[in-house]
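The values are calculated or read from the model by the stated rules, or taken from the named source; none is laboratory data. All values reported here derive from a predicted model rather than from experimental measurement. Positions of Cβ are backbone-derived with ideal geometry, glycine not excepted, and every protein chain shown enters the neighbour counts. Ligands, DNA and RNA are excluded from the accessible area calculation, which covers all protein heavy atoms including side chains. Shrake-Rupley method; radii C 1.70, N 1.55, O 1.52, S 1.80 Å.
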Amino acid sequence: MDTRQAALMAGGMARRGLALKLGLPAGVLFLVMLLAISVMGGMAGSSQAAISACGDAGQPDAEYEHGTGKGEEGNSGLRTKQIRNALVIDEEARKAGLSGRATLIGLMTALQESTLLNLDHGADDSVGLFQQRPSTGWGTRKQIMNVHYAARMFFLGDKDGSPEGLADKNWEKMDLGDAAQAVQRSAYPTLYAGQESEARKIAEEAKIDLDRAGDPSKNPGTGNSTGGESLDEAGPDRCDEDSDKKTKPGDPFHDGNSDWPAAVKNPRSTRDAIAWARREAESGSTEWYRKCLAFTAIAYGWNASGVNYAIDHYWVMPSSMRHNKDRTPPVGALMYWRTTGRAGHVAIYVGNGEIASNDIREPGVISIVPATEIESKWGAVYEGWAPPYFPKGA
């Protein structure tokens, strides 16, 4: 398994292998060209690019080349196989009563382990989508090569608890990549997170609903919606007609009423944080390019959030603090969106349906805009709101 991952890492480098063959002078020239391109790209950053890295530097997304090759060995043939396998992973997650978030973790894991292909080879005796090993209890080689069996083992593990599957872990409260690592126990634990964007792209092509809730009746204790909030805990209004209207993309946001939990203690009060954010918007400062998470943390008086990516900050919140898809955030709440990039986006709700957000009107500039613009301008998916809680704040 570990050797396979190392090979995948090397495969990414192989696309750039020509630069190494050119020798030192050409290599230096190549680096200079990359630096120049990077500088120009930063100067001309678009709104879509601005949301791709709202957070500190972290593990980048894996890079994939999407060509137009034909036939079984061409890129289109490989994509067909990937989508077919993705649908099986989602089917087994549904059977297990797990949410769409579990499917996403399964897709990210299989992409890292096998590029989402049912390989008949791997490091040592590893085979299949998840590069599971017969010698460590995952089943016989024939069983593991059955995609349904392999996916079911990844989610549920063996009946005797050895090995354990995703449902045996505290996965609802983990970052996506950490949840994958909890099952795989890889020597390269940071690589799974970099597969998120590709996994979401494949899910979209396969028409897999990554936002669907789990089914606790099938697998009690693990059927959570997207990270820990069960259907019973969600409250009765989450299942009525008003809830459907509330979660419709593009609908306006309205002020809600909610006191912050006792654990929410920030250096700056909610009122002062909003006042600071409004002053920053009026100043015209351009220092906030791709720094949405840093902006929200600093607004509340912290030097840093302590989390690499905006969307990950939502999932480090206790489940009781996450209000998935709720479009009635209280003034001062943090609102989160999933974007086409790894990082996602976060903004501060300032009331009357508006947010303080970076990059939405001008790169690097804080603007007070309708919260719906994150969906309409960037095509982002609203995840929900949470109180201004920074459990890892520095």
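For segment 330-368: of the residues being of a type in the set (Val, Ile, Thr) and part of a loop (DSSP other than H, G, I, E, B), which is modelled with the lowest pLDDT?
Across segment 330-368, the extreme among qualifying residues is 340.
Taking into account only those residues within segment 84-101 that are at pLDDT 95 or above, of a type in the set (A, V, I, L, M, F, W, C) and out of contact with any Gly (no Cβ under 7 Å at 6 or more places or on another chain), which is least open to solvent (accessible area, probe 1.4 Å)?
86
Filter segment 308-331 down to the residues that are among the charged types (D, E, K, R) and open to solvent by 20 Å² or more (accessible area, probe 1.4 Å) and list them by number.
Initially, segment 308-331 is screened for residues among the charged types (D, E, K, R), giving 312, 322, 325-327.
Residue satisfying the conditions is 325 alone.
Kindly list the number of the only condition in (1) open to solvent by less than 50 Å² (accessible area, probe 1.4 Å); (2) among the hydroxyl-bearing types (Ser, Thr, Tyr); (3) under 24 Å from the mean Cα position of the chain (by Cα) that fails for residue 126.
Of the numbered conditions (1) open to solvent by less than 50 Å² (accessible area, probe 1.4 Å); (2) among the hydroxyl-bearing types (Ser, Thr, Tyr); (3) under 24 Å from the mean Cα position of the chain (by Cα), the odd one out for residue 126 is (3).
Do the conditions hold for residue 364, that is, is it open to solvent by less than 10 Å² (accessible area, probe 1.4 Å), within 18 Å of the chain's Cα centre (by Cα) and at positive phi? Break it down into steps so the answer makes sense when it comes.
Working: open to solvent by less than 10 Å² (accessible area, probe 1.4 Å): yes; within 18 Å of the chain's Cα centre (by Cα): no; at positive phi: yes.
No: the conditions fail for residue 364.
When segment 310-335 is examined, which residues are found to be of a type outside the set (Val, Ile, Thr), under 20 Å from the mean Cα position of the chain (by Cα) and closer than 17 Å to residue 374 by Cα?
The answer is 310, 314, 324, 325, 326, 334, 335.
What's the number of the only condition in (1) more than 27 Å from residue 320 (Cβ to Cβ); (2) surrounded by fewer than 17 Cβ atoms within 10 Å (Cβ to Cβ) that residue 173 fails to meet?
Condition (1) is where residue 173 drops out.
Within segment 67-77, can one find any residue that is in a helix (DSSP H, G or I) and at pLDDT 65 or above? Reasoning before the result, please.
Here is the first cut: in segment 67-77, the residues in a helix (DSSP H, G or I) are 75-77.
Applying the additional criterion that residues be at pLDDT 65 or above yields 77.
Checked against the condition, which is being in a helix (DSSP H, G or I) and at pLDDT 65 or above, segment 67-77 yields at least one hit.
Which condition number does residue 162 fail, the rest of (1) closer than 25 Å to residue 214 by Cα; (2) modelled with pLDDT of 95 or more being met?
(2)
Would a scan of segment 268-278 turn up a residue that is surrounded by fewer than 20 Cβ atoms within 10 Å (Cβ to Cβ), of a type in the set (Gly, Ala, Ser) and over 13 Å from residue 356 (Cα atoms)? Walk me through it before giving the result.
Let us first name the residues in segment 268-278 that are surrounded by fewer than 20 Cβ atoms within 10 Å (Cβ to Cβ), namely 268-272, 275-276, 278.
From the residues that got through so far, the ones that are of a type in the set (Gly, Ala, Ser) too are 269, 275.
Pick out the ones that are also over 13 Å from residue 356 (Cα atoms) and you get 269.
Within segment 268-278, one or more residues are surrounded by fewer than 20 Cβ atoms within 10 Å (Cβ to Cβ), of a type in the set (Gly, Ala, Ser) and over 13 Å from residue 356 (Cα atoms).
To keep it simple, each residue is scored yes or no on (1) under 19 Å from residue 112 (Cβ atoms); (2) of a type in the set (Val, Ile, Thr); (3) open to solvent by 60 Å² or more (accessible area, probe 1.4 Å); (4) assigned to a helix (DSSP H, G or I).
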| position | (1), (2), (3), (4) |
| --- | --- |
| 160 | no, no, yes, no |
| 181 | yes, no, no, yes |
| 202 | yes, yes, no, yes |
| 208 | yes, yes, no, no |
